[in-house]
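As structure tokens, the structure follows; a few thoughts come after it.
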Amino acid sequence: MNPRYKILPKSFKAQNFLSKSNQTLTRSFSSSSTPPLSSLPHPNELAELLHATRSSKCLSRLHALLAVTGAIFRDTSAVTALVEAYLSSGSPGSAASVFAGAHRRRPTVYALNLAVRCFSVHGFHRELLDLYRSACAFCGSDNFTFPPVIKACAAVGCLRLGREVHGRVLLAGHGGNVGVQTALLDMYAKAGWISVSRTVFDCMAQRDLVSWNAMIAGYSLNGCFREAIEAMQEMQRDGMRANASTLVALVGVCSAAGDSDAGHTLHALALKCGALGDESLAPAFISMYAAFDDIISSRLLFDLQPGKDLVSYNSMISAYMQHDKWKESFEVFRLMRRAGLGPNLVTVVSVLPTCSDFYGVKLGDSVHGMVIKSGLAEQVVVSALVSMYSKLGELDSAVHLFCSCTEKSSLLWNSVISGYLVNSKWDMAVDTFCKMQTEGVAPDATTVVKVISGCKHIKDLRMAKSIHAYAVRNRFGLNQSVMNALLAMYADCGELSNSCKLFQKMEVRNLISWNTIISGYAGIGETEASVRLFCQMCQAGLQFDVVTLIGLISGISVAEDATIGESLHSLAVKSGCVTDVSLANTLITMYSNCGSVEACQRLFDSLSYRSTVSYNVLMTGYRKNNLSEEIVPLFYQMLKNEQEPNHITLLNLFPVCQSQSQGKSVHCYAIRNFFGLDTSIITSAICMYSRFNNVDYSCKLFDSVGEKNIIVWNCILSAFVQCRLADNAFDFFRQMCFLNVKPDTVTMLALLSACSQIGNTDLAECVTALILQNGFGGALSVANALIDMHSRCGNILFARELFDRSVAKDSVTWSAMINAYSLHGDGKSALEILSMMIGSGVEPDDITFVSILSACSHSGLVEQARALFKSLQIDYGITPRMEHYACMVDLLGRTGHLDEAHDIVRSMPFRPSESLLESLLGACRFHGNSKIGEAVGKLLIDSCHSNSRSYVMLSNIYASVGKWNDYEWLRLDMEAKGLRKDVGISSIE
């Protein structure tokens, strides 16, 4: 039987106790009279029996026995043992019922303290608070009640109740108790109110070492490195000597702050005072060096330990895991096994991810078998196994293992919900959340956060609001993790207004809350709003971090906001955050979005470490700024520096391949180095092959996709349009409809382009009807394409009708109509549309000017074209591109202004294209201007991409003016280069 489907049986000791309890219960219930109290086991034996019992059925029978005998109302130790037994089995509700039933009238403070301690020890903090609320109305509280209650408030993030408890402490006169005050300062520190925590600390008349350590740990938790060091120095002046707990807290500060010098100093202090031998301190230093990216020192410290305990092994395993060194992590685990140390829950939970991230399912099965053999099949380990199988894609095994558990804790439910989320089964995750409640397991904050994540991915706003209502009803409204998840969910679902309202209602906003709302506004391009929130956050006394800056900078994508981006870059340099690779990558992206490629390159060159993401963002920047020739050399540099390309790298490479052979090389690299090609890579490869008219390869790649979504279908349709195979595009569209694949806007745009190629009016009307029937007529991009299609199919009147009906017109709409009149040789109407466009407040862009200059060229409107070409740069600040020069040269050549056309060619800031020169050469031949024709012809022939057309046109010019020597020389040169005259054909429709 596969080990992944087995659960560990109970220990033999527990079985013996269960057998004994069954015998006791059988004797008791076989008698018709109430069994006497003496028939019960001794209280100590009963407590041990209850502790060993894990079966809910047996616990219920023992509970019934205690109730029947009346022991539950007289024996406090029996009640306490039963409460603890229910808590150990993960049933806090039953434990609370036992306490309520045993103290129906008025519980004593002593009984309340015992119950509260049990709930606190087992980590049921929310249930502890419910118990306290119900019991404190009937009995008082003392110094032993308040610390676990305050600890529970801190654990669930319920600061409001914590403050109420603080008030009760003061009213009850326990405000001077050291234990209570220590719990209070710890609670405020964990809530982020470190100033209040310090106030409580300063009010303490007596401070013990635990209080000092709690204060130092509070500073550590809130990232106050300097204050933590000062507190330790103050503690030493107060006559207290730092112990291992003090140093552990300070080591945590050093790790969080990344201060390696302070870390080394603490290490030296630990050696000097002899505290390094403490079993908690060496593992802390191992973790600290790992946080400093000094994994070698971590391993050295680990190897130098004379007697390594299980905690040290676990710390070293976690250190390697932190640096994605899965193999080394598992090797330490093997060393631990050879040393004769058996794994504990922490070991197993640490080792299982190595199986999912490095070794695979076979080793995962082996570890699963070891778990069964070692008797570690606790709920937490089963949950880790479910997570491991889920990450390996073995979702069926994970669900089977989950279902095989008879008793499921909230942790196990959370693991299977996470498994569904990891495998993109969003709906199943939400359904499991609902099923969890029907089976009587109360979701905790972690569950709610996970389900909110599922709602975020499926964009199910209705379900998300239901989860929000559930969170409010069940008092999760004060849990910051839940509130932050809701903030992010509303922002991702496009409901930023709801996210803002929720943010305003939050009583306590931590750094994550501010980062979430700032990133939300930055994500929709509201740069000013995000910066304003950032200023408010700083005024509230919160220190920003790398995530804050990343959120702010990621929203800057236009050149107008580049000044703000530069200011944030300066702030990052000043705060020392710029060394973070993620922030540097975000800055590179920002500068590329703003068109500052030089800044991207300088920032990239300044990085001490360049990750795969760094190379990818620079490649994307080159592609966005039309510097495609820089991408392939950067890719080779990436390989040279031993950075592994990922699918983003290939998505940047495919569009810039200069030849089909280069594209095939990239394709082969993907096949060799990737286990199964992602759909996005396949679609990118389809587009690459279609650029080189290799439709056969495109179709083969399309057929290789198993489950084809609309993106894949749109890609193959676009490939046929690219290869001018419009009929094939319509054939595949019919197949797509037959398979019930719902088209989208991109599909319609591909069909419109295909119809434009065919030029059939009837087909154009059919496509138009299809678009209107499917509700795509309102999309502006589709409306613009409809105008262009009908004009290309000859129906200029209907194109104008569509244009006039269009309520929302952008620059593309106006350009499409101008281009329509250009195609039909109606330059006058095109100029009228341009005047209407400017009058409506829409500024023409470079594409609009290409269309209007082309219309002037087709209609011979020389003066108007000259004026427009002059205003292009003077009035609108548009730098003329090759297309603008080509239109002017074509117009001047058609109208016989050859000298002016030649002057434009000579004054161009870049090398003229071959099509432009061929146009001017044809005009020279038509008008018989051999002088300019010879100069233009030589430019064409000298280019590295010269073709036979250029030679033939120039030779005809020589022949027309009687330059037969030049004619013969040109023909001989043409033959020497292997060029042949294209054979003429006649096309009759």
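Within region 692-707, does at least one residue satisfy the condition of being surrounded by fewer than 21 Cβ atoms within 10 Å (Cβ to Cβ), touching a His at 6+ places or on another chain (Cβ under 9 Å) and within 21 Å of K624 (Cα to Cα)? Within region 692-707, none of the residues are surrounded by fewer than 21 Cβ atoms within 10 Å (Cβ to Cβ), touching a His at 6+ places or on another chain (Cβ under 9 Å) and within 21 Å of K624 (Cα to Cα).
Within region 478-502, can you find the residues that are small (G, A, S), within 18 Å of the chain's Cα centre (by Cα) and surrounded by 18 or more Cβ atoms within 10 Å (Cβ to Cβ)? Those that are small (G, A, S), within 18 Å of the chain's Cα centre (by Cα) and surrounded by 18 or more Cβ atoms within 10 Å (Cβ to Cβ): A485, A488, A491.
Scanning region 553-566 for any residue that is of a type in the set (A, V, I, L, M, F, W, C) and within 26 Å of V449 (Cα to Cα) turns up nothing. For first residues located in region 211-236 and farther than 14 Å from L247 by Cα, partners that are part of a helix (DSSP H, G or I) and aromatic (F, W, Y) and lie 6+ apart or on another chain with Cβ distances below 6 Å form the pairs E227/Y219.
Does region 597-607 contain any residue that is under 28 Å from L552 (Cβ atoms) and among the basic types (K, R)?
Step one: list which residues in region 597-607 are under 28 Å from L552 (Cβ atoms), which gives 597-607.
Now narrow it down to the ones that are among the basic types (K, R): 602.
Checking region 597-607: at least one residue is under 28 Å from L552 (Cβ atoms) and among the basic types (K, R).
Just wondering, is there one or more residues in region 642-663 that are within 20 Å of the chain's Cα centre (by Cα), crowded, with 19+ Cβ neighbours inside 10 Å and closer than 30 Å to T563 by Cα? Yes, region 642-663 contains a residue that is within 20 Å of the chain's Cα centre (by Cα), crowded, with 19+ Cβ neighbours inside 10 Å and closer than 30 Å to T563 by Cα.
Among the residues in region 153-168, are any farther than 26 Å from G477 by Cα and exposed (fewer than 15 other Cβ atoms within 10 Å of the Cβ)?
Taking region 153-168 first, the residues farther than 26 Å from G477 by Cα are none.
Scanning region 153-168 turns up no residue that is farther than 26 Å from G477 by Cα and exposed (fewer than 15 other Cβ atoms within 10 Å of the Cβ).
With respect to (1) modelled with pLDDT under 90; (2) within 25 Å of T747 (Cα to Cα); (3) surrounded by fewer than 18 Cβ atoms within 10 Å (Cβ to Cβ), the lone exception for N626 is condition (2). Output yes when any residue across region 868-876 is within 17 Å of S835 (Cα to Cα), touching a residue at least 12 places away in the same chain (Cβ under 8 Å) and not aromatic (F, W, Y), and no when none is. Yes, some residue in region 868-876 is within 17 Å of S835 (Cα to Cα), touching a residue at least 12 places away in the same chain (Cβ under 8 Å) and not aromatic (F, W, Y).
In region 712-725, is there at least one residue being surrounded by fewer than 16 Cβ atoms within 10 Å (Cβ to Cβ), within 30 Å of C766 (Cα to Cα) and either of a type outside the set (A, V, I, L, M, F, W, C) or in contact (Cβ under 8 Å) with a residue 60 or more places away in the chain (or both)? Looking for residues that are surrounded by fewer than 16 Cβ atoms within 10 Å (Cβ to Cβ), within 30 Å of C766 (Cα to Cα) and either of a type outside the set (A, V, I, L, M, F, W, C) or in contact (Cβ under 8 Å) with a residue 60 or more places away in the chain (or both), one finds at least one in region 712-725, hence yes.
The condition (being in contact with a helix residue (DSSP H, G or I) (Cβ under 7 Å, 6 or more places away or on another chain), over 19 Å from F869 (Cα atoms) and hydrophobic (A, V, I, L, M, F, W, C)) is satisfied by just one residue among I932, I904: I932. Taking region 602-664 as the region of interest, the helices (runs of 4 or more DSSP H) fully inside it that hold 2 or more residues being of a type outside the set (S, T, Y) and farther than 21 Å from T683 by Cα are 612-624, 631-640. Looking at M748, M837, just one residue is more than 25 Å from Q722 (Cα to Cα), of a type in the set (A, V, I, L, M) and assigned to a helix (DSSP H, G or I), and that residue is M837.
Go over the candidates V952, V936 one by one and state the one that is buried (at least 21 other Cβ atoms within 10 Å of the Cβ), more than 15 Å from M882 (Cβ to Cβ) and at pLDDT below 80. It would help to see each step written out before you state the result.
Numbers: V952 fails: buried (at least 21 other Cβ atoms within 10 Å of the Cβ).
Step by step, each of V952, V936 is checked, and only V936 is buried (at least 21 other Cβ atoms within 10 Å of the Cβ), more than 15 Å from M882 (Cβ to Cβ) and at pLDDT below 80.
When the residues of region 902-913 are filtered to those that are in a helix (DSSP H, G or I) and surrounded by 17 or more Cβ atoms within 10 Å (Cβ to Cβ), the one that is farthest from the chain's Cα centre (by Cα) is H902. P443 satisfies every condition listed in (1) surrounded by 20 or more Cβ atoms within 10 Å (Cβ to Cβ); (2) part of a helix (DSSP H, G or I) except (2). Checking each residue of region 777-792 against the condition of being under 18 Å from I852 (Cα atoms), in a helix (DSSP H, G or I), in contact (Cβ under 8 Å) with a residue 12 or more places away in the chain and touching a Phe, Trp or Tyr at 6+ places or on another chain (Cβ under 7 Å) gives at least one match. Here region 503-518 is the region considered, the condition is being surrounded by 22 or more Cβ atoms within 10 Å (Cβ to Cβ) and not aromatic (F, W, Y), and the residue that is nearest to the chain's Cα centre (by Cα) is T516.
Filter region 758-785 for residues that are farther than 16 Å from D744 by Cβ and either within 44 Å of the chain's Cα centre (by Cα) or of a type in the set (A, V, I, L, M) (or both) and give the result.
Residues of region 758-785 that are farther than 16 Å from D744 by Cβ, as a first pass: 758-766, 768-769, 784.
Of everything in region 758-785, those that are farther than 16 Å from D744 by Cβ and either within 44 Å of the chain's Cα centre (by Cα) or of a type in the set (A, V, I, L, M) (or both) turn out to be I758, L763, A764, E765, C766, T768, A769, N784.
The values are calculated or read from the model by the stated rules, or taken from the named source; none is laboratory data. Being a predicted model, the structure only gives us computed values, none of them experimental. Using ideal geometry, Cβ is built from the backbone for each residue, glycine included, and neighbour counts are taken over all protein chains shown.
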